Every structure is written in structure tokens, then in C-alpha cells.
1. Here is a check on your reading of the model: is MET144 surrounded by 14 or more Cβ atoms within 10 Å (Cβ to Cβ) and either in a strand (DSSP E or B) or without any contact (Cβ under 8 Å) to a residue 40 or more places away in the chain (or both)?
2. Any idea how many residues of the range 118-133 are surrounded by 16 or more Cβ atoms within 10 Å (Cβ to Cβ), over 13 Å from VAL179 (Cα atoms) and either out of contact with any Gly (no Cβ under 8 Å at 6 or more places or on another chain) or of a type in the set (Phe, Trp, Tyr) (or both)?
3. Given the condition part of a helix (DSSP H, G or I) and farther than 17 Å from MET172 by Cα, answer yes or no: does some residue in the range 35-45 qualify?
4. When you look at PHE87, is it under 27 Å from ASN9 (Cα atoms), of a type outside the set (Gly, Ala, Ser) and out of contact with any Cys (no Cβ under 7 Å at 6 or more places or on another chain), yes or no?
5. Considering only the range 83-117, state which residues are surrounded by fewer than 15 Cβ atoms within 10 Å (Cβ to Cβ) and either small (Gly, Ala, Ser) or without any contact (Cβ under 8 Å) to a residue 24 or more places away in the chain (or both).
6. Against the condition in contact with a His (Cβ under 6 Å, 6 or more places away or on another chain) and either assigned to a helix (DSSP H, G or I) or closer than 30 Å to ILE13 by Cα (or both), how does ALA79 come out, does it pass?
7. In this structure, is PHE151 under 21 Å from the mean Cα position of the chain (by Cα) and modelled with pLDDT of 95 or more?
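The values are calculated or read from the model by the stated rules, or taken from the named source; none is laboratory data. Computed from a predicted model, the values in this text were never measured in an experiment. We place every Cβ from the backbone using ideal geometry, glycine too, and count neighbours over all the protein chains shown.
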Amino acid sequence: MVDSSAVLNGQTIAYTAYTIAIMSVMAWFAVIVTKKGKSTIVKPALFYTWVGFLVILGVSLHIATAHTIPWKPMDLNRAEITPDKVFNISVENHKFTLPEEKLLIDVNDKVMFQVTSNDLTYGFGLFREDNSMLFQMQVIPGHMNDVLWQFVKPGVYSIRSTEYSGPAGIQMIEKDVVVVSEPE
């Protein structure tokens, strides 16, 4: 599984370039519309060719980047996947209750986080040491809330609530409780 930060960087570059191209069409159109008379530079055929190119580029970007989402294959095939570890975590009164003080994981382990809420809707997010998010999900009371993830490199992660659950929710941080290391 590719690290989600690499995917985010690649998609940021691709979609920024695409947005700039779309903005160029808007600026182009604005100049034409605000000029008096017809444009001698921009012919309708050229304009519609450019718009058609942007549509093809946008659809191609979506198709190409759909295959870079690291958790997609695991999500689509999760019925056939047996996790290496399962962690049952509960949330109540703005507090995560973990099965152990530290959740120890080996690199390349497929891990299922099963999170239940007994009172409110919370978020469950895993965050890197630089505070960027690895993944997150909503935790809704009375529903199955789980995420299957494969850790591809060592790291230490914090758990945070990613959903607004009232003023006390801002304190819902379990610092450095998920430790991923090379197997011994």
C-alpha cells in the first residue's frame, strides 16, 4: 500500500494544474464577454476545442488518480482479507478507551480498528508525528464503525477525534499510542 502522504502530494500537483487550466478558460471567456464587439483572436471553434480538452483532461485525471488511492483495493476486497490484528476501541464521554496502553503493530500488518461509541458521534483519526492525517472515519453510535489499514512503514501515531462532538471534543487526543515497527 502506498503511503497516503505521497498520494496527497501527487494529487495536489495534478489538481492544482487542472484548476489553473480551468481558471484560464474563465479568464479567457471573461475577456471575450467584456470586450465590445466580437473577438478576432478567439474563434468559437478554438474556445470549444479548449473546453473539450479540459473535460477530457478532467475525466482522465479522475480515472488515473482513482487507482492511486492506497486503501481502495483493501476496501473492495475486505471480505476476503483476514486482519493480522484487531483493536476494539470504545468512545464515551469524550474519551477513547484503548485495549492496551500502546497499540503495537508490525510493518505490513493489516489492522482492523473497530470503534464503538456509546453516546455521541465522534471521529477516529490516526495522525503522524508531523500532525498530518493518515486516515479517519466517523464513529456513529449504534453502527458498525471499522477501518482496515495496512501500515507500510514504521512510525508513531496519535489518535484524535476528527468530528465535532461539543467543546470537550477538542481534548480527545491519545498521543503516540499507535507504534508501528519492523518485525523482530
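1. Taking the combined requirement at face value, the residue does not satisfy it.
2. So the answer is 5.
3. Checking the range 35-45: at least one residue is part of a helix (DSSP H, G or I) and farther than 17 Å from MET172 by Cα.
4. On the way: under 27 Å from ASN9 (Cα atoms): no; of a type outside the set (Gly, Ala, Ser): yes; out of contact with any Cys (no Cβ under 7 Å at 6 or more places or on another chain): yes.
No.
5. Hits for the range 83-117 are THR97, PRO99, GLU100.
6. Values: in contact with a His (Cβ under 6 Å, 6 or more places away or on another chain): no; either assigned to a helix (DSSP H, G or I) or closer than 30 Å to ILE13 by Cα (or both): yes.
So ALA79 does not fit the description; no.
7. No.
Matching residues to (1) outside any helix (DSSP H, G or I); (2) modelled with pLDDT of 70 or more; (3) touching a helix residue (DSSP H, G or I) at 6+ places or on another chain (Cβ under 6 Å); (4) not polar (S, T, N, Q):
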| site | (1), (2), (3), (4) |
| --- | --- |
| GLN11 | no, yes, yes, no |
| ALA27 | no, yes, no, yes |
| VAL31 | no, yes, no, yes |
| THR49 | no, yes, no, no |
| SER60 | no, yes, no, no |
| ILE69 | yes, yes, no, yes |
| ASP75 | no, yes, no, yes |
| VAL86 | yes, yes, no, yes |
